[in-house]
1. Please give me the summed charge of the neighbours of B:Asp53: other residues whose Cβ is under 13 Å from its Cβ, Lys and Arg +1, Asp and Glu -1.
2. Please compute, for peptide A:130-141, the average count of beta-carbon atoms on other protein chains lying within 10 Å of each residue's beta-carbon.
3. For region B:171-212, take every pair of Cα atoms, bin their distances at 5 Å starting from 0, and report each bin as a whole percent.
4. Peptides B:17-27, B:38-48: what's the order by average Cβ count within 10 Å, highest mean first?
5. Determine, from the Cβ-Cβ distance of A:Val274 and A:Thr76 and an R0 of 25 Å, the FRET efficiency 1/(1 + (r/R0)^6), rounded to the nearest 0.05.
6. DSSP loop trypsin sites (Lys or Arg not before Pro) in region B:130-205 with at most 12 other Cβ atoms within 10 Å of their Cβ, which ones?
7. Within 10 Å of each Cβ of B:252-260, how many other protein chain Cβ atoms are there on average?
8. Starting from the 7 Å offset along Cα-to-Cβ, what nm value, one decimal, do you get for the label separation of A:Glu190 and B:Thr174?
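Computed from the coordinates by the stated procedures, all read-outs in this text should not be read as laboratory data. Since the structure is predicted, the reported quantities are computational estimates derived from the model, not experimental observations. Cβ atoms come from the backbone with ideal geometry, glycine included; neighbour counts cover every protein chain shown.
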Amino acid sequence: MLIGVSIAVFLMVELTPGDPATVLAGDYASPAVIEQIRTELGLDQPLPVQYARFMERLVLHGSLGTSTRTGREVTTEILDRLPYTLVLALTAVVLSTLVGVSLGVVAAINRGKRADLLTMGGAIVGLSVPTFYLALLMIILFSLTLHWLPVTGASSWKNLVMPAVALSLHSAAIKARITRATLLEVLGQEYLRTARAKGLHERAVVVRHALRNALIPISTLVGLQFGGLLGGAFIIENIFGWPGVGRLATQAIFTRDFPVIQGTVLLVAVAYLVANLAVDILYAWLDPRIRYG
Amino acid sequence: MRDTVVRLLHQPLAVVGLVLFGGLLLMAAFAPLLERYDPIAISVSERLRAPSDAHLFGTDDFGRDIFSRVIDGSRLAVKLGVLSVAVAASGGVALGLLAGYYRGWVDTLISRVLEIMLAFPDLLFAIAIVAILGPGLENLIIALGLFGWPGYARIVRGSVLSAARREYVEAARTIGASATRIMVRHILPNVVAPVIILSATRFGGALLAGSGLSFIGLGVPIPQPEWGAIMATGRDYLATAWWITVFPGMLIMLAVLGVNLLGDGLRDVLDPRLRT
């Protein structure tokens, strides 16, 4: 799987029109200089050889090459930015799970009543709002009109508020919908009737018995969405000038800085796989049946 | 079919969705009649005008009429949505059919490639493709269409696996029907409902992703009135000319809300099991 991803990332850059050697050499370079750069970078070798070199460097030296824009190691560039993206993405995961799951529970308990219609209506509208639109509306309201929050930068927690909220939007809406659906399904099952029959409070029934089982599909979703959040961070980081990996990647795309593009895409894909693996492990912990299955 | 439509019309939210989606299609169809100005004509004397009778949604930093640009943008939005869904559905359905029908190494190969595609989060995959091919409407359609493949292929493959074992398929094979005929005539009809439902979701997703990419400059280039691209020009004027950003964003929201409501309604009518 990881090999497949690495080949895909490698090929991605190979298939790019526009020759990195020509870009590197600048506008006024002679053909001889371009040829020399090409040899230095190993771009004159056949593709499998280039891929072998790429993997050798990556596996043996942990290196993804150097940025053609700054001349620094790609791994250093990424590691500098990674904490920012992780903070943003994890805040969004926590925020969207708290908000999404609570709203989903409220909707399920009040099925068919006003609270249900309101939260589910809100969820589908939330799903339909482009995150960058919400981001810009928040900037207009909280930064430009009320002057509560700064527009760009990453110097205090205040900088995190708007990007995290914007990034959480879709994810919270999806979680609310799924929580409601799975909870309704679980609430109809027999053991809950037993729980009620033995005189437990409705709240205890929902929280201790129903929600725990409903958490299983929800936790899959948290893992699956982590990748989506990383992707969404590309746009959000650009709006708020948040110095994360997404911003690094977009800058790299505009300057055709291929090693950095390659590195960030590889990183996000790997992070996505790891998140899904973590969910599989979490599964076994939440649902003992799976261990024996 | 008729029954489906009738039941759909009994759902108030689905009707709202139909109205919004229909409105988008009508807007795109009659755009030239609705536009009061040339959507890309520059008029320096009219720059950054607030909404008024002359310019319902105001003007941008080049004096272009936002209302006309937004109306014209609906054509790009419909084109992007329809074509990217077509690319996604045709490729995904074909791959899913092949994988499910032939199984064996064909299935293994197709499933592996799709799994790798799934390892890249949606938007990242689109960004990567656009980074390779360069910005533009066609490339955006290809990018958003390609990353739809795994979703369609997975649904279709599953349905084919269960349908291929049915007796009527066995019967068709016994009387000598070709593989293509069996796939198209006997298996494909089983997957129509989930494919339609997924298409509604993808249409909305394509509008969101497309406008988002255009917004950061990786989608449709700026002089074209793509909604996200218009919003990108408004970004520098949020404090002074909010209308450049607010109106196109509202249109995206309404268009996506329309297909989402329609998709939910279709799902409830066509396939109650998928209800969420």
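1. Details: positive: B:Arg36, B:Arg49; negative: B:Asp65.
Around B:Asp53, the surrounding residues sum to +1.
2. On the way: counts 15, 3, 12, 14, 2, 1, 9, 6, 0, 4, 5, 0.
Neighbouring Cβ atoms belonging to other protein chains average 6 per residue here.
3. Distribution as computed: 5, 20, 16, 13, 11, 11, 9, 7, 4, 3, 1 percent.
4. Details: B:17-27: 17.5, B:38-48: 13.6.
Final packing ranking: B:17-27, B:38-48.
5. Working: r = 21 Å, r/R0 = 0.83.
FRET efficiency, A:Val274 to A:Thr76: 0.75.
6. On the way: sites: B:Arg154, B:Arg157, B:Arg165, B:Arg166, B:Arg173, B:Arg181, B:Arg185, B:Arg202; in loops: B:Arg165, B:Arg166.
Passing both the DSSP loop test and the Cβ count: B:Arg165.
7. On the way: counts 5, 6, 1, 1, 6, 6, 1, 1, 6.
Average per residue, whole number: 4.
8. That separation, rounded to one decimal, is 4.0 nm.
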